Amino acid sequence: MTGMGDAISKADYEYFNGAIKQHETQSSVLISNSKYLNHSGLRALVAQEYLRRNGADMPNTAFIPEVAKILHELEDLPTVFRLFEEEKERLPEFKRWLTEKKLSNFTADDVKHCKEGTLGWILHDFIANSGYNIDVFFQGMPVINDFTFYMKERAYTHDVEHMITGFGPNHGGEIALIVANMRAFYNYFRPELAAFFNRVPSYLLSKSMMKSGLYYPEAFKIELEAQEWGLKQGNNWKMPLMMVPWRDYIDRPLDEIREELGITPIIPQGHWDWTNSISEDPREPAQPASVAAE
């Protein structure tokens, strides 16, 4: 025996691959019944992003816009629009959210009056002092309908969700927040629409798990813990947090908001602050760590 490959026998191939049927085609290029597999750019990016290291030259967040753009372009938008309309009829809170279109595009001036301990006070500190941009995705896109409002507000609320859930902007917190949202979407919406909302998050979670499984074993352990926390908390949310009109909550204490919206349990502060370092290759001391939407 020269390697692990020799341990896989003919019987193994027959057991797992025996039902495979060979198909002939006149096509001169790769083609399948999956529009995702048929997209050469998506194939290349998925292969790269699942299998590469998180090197100092390329952070975890690299190529997320490219993959998100392709996935959105491959969506059956008429079906998505139909699902929005059907769920608006079934879910009054969803209809209210899409009708009012209250954007959480906060500026420091919007929340500078907020008292210590309130959501607005925490938002002000983030906007004024963190160096991060709350307008994290779809920058410059105008809101012209329900769908574009959803995309913009989903981006605006990402960092608000970090603050309100306690799942901080670090590797463990990003995984926990992704999974909490996944659980909440499936609790609240019908599976077809929940699957649409989870399309890009599914990619983000799976690529992180694959890379950690290959290169960062300590991070994989944290990702399992983070998923447990995310599932527990997301299962308790009264609704997906993207639907909360956060402008109505800026003057209220964080604990009061969490109690009202079912945001529990809350992880101890700082619990995963150290986890970026184990999910990537060593950085030079002067390099900022990559966080947000891993």
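The values are calculated or read from the model by the stated rules, or taken from the named source; none is laboratory data. Keep in mind that this is a model prediction, so the values were computed, not measured. Note that each Cβ is placed from the backbone with ideal geometry, even for glycine, and that neighbours are counted across all protein chains shown. Accessible surface is based on the protein model in full, side chains and every heavy atom, while ligands, DNA and RNA are left aside. Shrake-Rupley method; radii C 1.70, N 1.55, O 1.52, S 1.80 Å.
Numbers at a glance
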{"quantity": "Qualifying residue in the stretch 236-251 (condition: over 30 Å from Glu100 (Cβ atoms) and of a type in the set (Asp, Glu))", "calculated": "no"}
{"quantity": "Tally of residues being touching a residue at least 60 places away in the same chain (Cβ under 8 Å), within 22 Å of Glu66 (Cα to Cα) and not small (Gly, Ala, Ser) across the stretch 194-231", "calculated": "8"}
{"quantity": "Qualifying residue in the stretch 106-113 (condition: on the phi < 0 side of the Ramachandran plot, surrounded by 15 or more Cβ atoms within 10 Å (Cβ to Cβ) and assigned to a helix (DSSP H, G or I))", "calculated": "yes"}
{"quantity": "Selection count, the stretch 126-171, where residues are in contact with an Asp or Glu (Cβ under 6 Å, 6 or more places away or on another chain) and modelled with pLDDT of 80 or more", "calculated": "1"}
{"quantity": "Residue list for the stretch 35-58, restricted to those being under 29 Å from Asn145 (Cβ atoms) and either touching a Leu at 6+ places or on another chain (Cβ under 9 Å) or surrounded by 13 or more Cβ atoms within 10 Å (Cβ to Cβ) (or both)", "calculated": "Lys35, Tyr36, Asn38, His39, Leu42, Leu45"}
{"quantity": "Pairs with Cβ under 9 Å, 6+ apart, first in the stretch 266-284 and under 8 Å from His171 (Cα atoms), second surrounded by fewer than 16 Cβ atoms within 10 Å (Cβ to Cβ)", "calculated": "Thr275/Glu218; Asn276/Ala289; Ser279/Glu218"}
{"quantity": "Those residues of the stretch 262-284 which are part of a helix (DSSP H, G or I) and open to solvent by less than 10 Å² (accessible area, probe 1.4 Å), in sequence order", "calculated": "Thr275"}
{"quantity": "Which listed residue is within 29 Å of Tyr36 (Cα to Cα), within 20 Å of the chain's Cα centre (by Cα) and modelled with pLDDT of 95 or more, from Leu214, Leu231", "calculated": "Leu231"}
{"quantity": "Long-range neighbours under 8 Å by Cβ, at least six apart or interchain, first residue at positive phi within the stretch 51-68, second open to solvent by 30 Å² or more (accessible area, probe 1.4 Å) and of a type in the set (S, T, N, Q)", "calculated": "Phe63/Gln48"}
{"quantity": "Hits in the stretch 59-88 - residues which are assigned to a helix (DSSP H, G or I), open to solvent by less than 40 Å² (accessible area, probe 1.4 Å) and acidic (Asp, Glu)", "calculated": "Glu87"}
{"quantity": "Test set (1) surrounded by 15 or more Cβ atoms within 10 Å (Cβ to Cβ); (2) at pLDDT 95 or above; (3) of a type in the set (S, T, N, Q) - Ser290 fails condition number", "calculated": "(2)"}
